[in-house]
Each structure stands twice: as C-alpha cells, then as structure tokens.
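**Q** I'd like to ask you about the structure that follows.
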Amino acid sequence: MDRLYIRDKKRIVIKIGTSTITHEETGALNLVKLEKLVRLLTDLRNQGKEVVLVSSGAIAVGRKAMGIKERTEEMSVKQACAAIGQARLMMVYQKLFGEYNQVTAQVLMTKYTMINHVSRKNAQNTFRELLKMGVIPIVNENDTVSTDEMEYGNFGDNDTLSAIVAALIGADLLILLSDIDGLYTDDPNVNPNADFVECVDVIDEKLEDMGKGVTSDVGTGGMATKISAAKIATDSGSDMVIANGENIGVVHRIMQGEKIGTIFRAHKSENFHLMDYIQTPQYRADD
C-alpha cells in the first residue's frame, strides 16, 4: 500500500531526539540540522498544516554549556542541566523560527499534567488556541521539576510524550525522528540478518519483542519506547512513522508520501482513553 495519503494529513506532531540535533563528537547543537528542521516545519505551516514539535535535548545542551562531558545519573545535576539547557534550546529555536517570521510557544509538560483532569483539559485548550493562531508549539518534558520522568523514563525520552500530545490534540500523523531507520526484526547492530519492517498494522507481543535492545548512546529512549508510543498514537487514530533524522529532509519526503522509515497504521479504538496508557499505581487521576 502506498503512502500518498499522508500528503493530506493536516495536524502533525514531530518528535526529534537528542542524538539527532547534537553533534556526536562534541555534544553541541547541530545548527545546520536545526535550521533545516525549522525551515521544513515553517513550510508545513505555510501549506496550512498545523504543526507541533516535541524536542529533546535540554539536558544534553545544559551538560555541554557547563562542560560536563559524561552523562550523569545524579538527579540534581540532571535538573540543573535541564534548566540551563532548556533556556538555551528555546533561544536557538526562537531565533531560527524568527528568521521566517514564524511564531513559536514553549510548552513544558510532566506526567502530572496528564493525570490531573483539570490540567489535562487546560493543556488541550492551550494547544487548540495556539494551533488556531498559527503558532508552532515546542514541547518538552519539564525535567527541572519532574524527577520521575528522568528516573523511570515514564515518557521514554519524549517518545511517549509525543504520542500523548498527538492523542491529546487529535493529530492525524506523528513522526518520530531518531538515529535509527525504523523497526527491524532484530537489532541490526548485532544481527546483520535482521529484516527491516516497512509497515505495521497490528502491534502484538511478537512485534514488541522485536523492539528490545536497539538503543541510542545519547537519548534515553530505544525502540521499545517507540513501539509503546505507537500503541498510543495508533489507538488514538494517528498514523506514526519512525525514521532516521540524520538527514532532516526526511520530513519532507515523508510528507510527500515516500516510503521512508516504518509506518504504524492508525486503527482508532472506540474505547480509547488516554489515561489507560499513562496511569501508574502510585499516581491516580482525578477523574
């Protein structure tokens, strides 16, 4: 089945991982990639599409700014780096989007935003108004105050967060850009005979097993978190594409209907309820 129907998608969430927007050698921001990303997203807006960007990278940018070369597990250091890095990251995004007269907005979220009925509705209303205004919201986890996401990977390095945002705003396409080409039957770094999976119609236990073991050295989310995100996205009625963001132009090619990456087909569930995907025993929703 071709993917030309993707051209007609109107509300798109794009998630970009830390490893995609930073230089592997130094950990510094890859400004060429960011500039291309900003140009592509602005062009999608110019076509009349609604766009939300979920961007990782705050902690990595903060580490670089403070000269911390190694990843640290100390929570207070992570939070401090997130605070430093988030400001710097947004400053770069604002400057680049400003070159194209595109207005952006920062939206920082935590798991608590979603499990509380009032804050979840407020977030939904905010996104709705921003998109109506033609603004491109830039979303990230609020790592400065939220320790559970960093410690337990609740949002899976923004993979799950991007799917939650897609479900929250009723997006019809979610694109995950990372340092992997898509889903394989096994880890291609270990097994040279692993086969590439172009299309997924049903996410079952066998498929979940395929996603285990493929990770990134920079981000915290591997293929397992992307499959978890795919469950949320497809059940909520959104197609999801996993693609390699090494060449940012892949966004344009996906939107033109080219067979790039792995596509997970939407199959909206009549019983879809967002809270079923993010509820945990220690946290209870108000509704």
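The values are calculated or read from the model by the stated rules, or taken from the named source; none is laboratory data. Please read all numbers here as calculations on a predicted model, not as lab measurements. Cβ placement follows ideal geometry from the backbone for every residue including glycine, while neighbour counts extend to all protein chains displayed. The accessibility values were calculated without ligands, DNA or RNA, using every heavy atom of the protein model including side chains. Shrake-Rupley method; radii C 1.70, N 1.55, O 1.52, S 1.80 Å.
**Q** Determine whether the stretch 77-88 contains at least one residue that is in contact (Cβ under 8 Å) with a residue 40 or more places away in the chain, within 28 Å of S238 (Cβ to Cβ) and either among the charged types (D, E, K, R) or crowded, with 23+ Cβ neighbours inside 10 Å (or both).
**A** Checked against the condition, which is being in contact (Cβ under 8 Å) with a residue 40 or more places away in the chain, within 28 Å of S238 (Cβ to Cβ) and either among the charged types (D, E, K, R) or crowded, with 23+ Cβ neighbours inside 10 Å (or both), the stretch 77-88 yields at least one hit.
**Q** Hey, among the residues in the stretch 205-232 that are more than 16 Å from S19 (Cβ to Cβ) and either of a type in the set (K, R) or modelled with pLDDT under 75 (or both), which one's least open to solvent (accessible area, probe 1.4 Å)?
**A** G211
**Q** Note down all Cβ pairs under 7 Å where the first residue falls in the stretch 28-46 and is touching a residue at least 60 places away in the same chain (Cβ under 8 Å), the second is open to solvent by 20 Å² or more (accessible area, probe 1.4 Å) and part of a helix (DSSP H, G or I), and they're at least six residues apart or on different chains.
**A** Within 7 Å, the pairs are L29/V92; L34/V92; L34/L96; E35/L96; V38/L96; L40/H252.
**Q** Given G62, G67, G27, which one is more than 21 Å from H252 (Cβ to Cβ) and open to solvent by 40 Å² or more (accessible area, probe 1.4 Å)?
**A** Being more than 21 Å from H252 (Cβ to Cβ) and open to solvent by 40 Å² or more (accessible area, probe 1.4 Å) holds for just one of G62, G67, G27, which is G67.
**Q** Have a look at I180, I203 and point out the one that is within 13 Å of G222 (Cβ to Cβ), part of a loop (DSSP other than H, G, I, E, B) and among the aliphatic types (A, V, I, L, M).
**A** Just one listed residue meets the conditions, I180.
**Q** If you don't mind, another one. Output the number of residues of the stretch 233-246 satisfying the condition of being part of a loop (DSSP other than H, G, I, E, B) and either modelled with pLDDT of 95 or more or among the aliphatic types (A, V, I, L, M) (or both).
**A** 2
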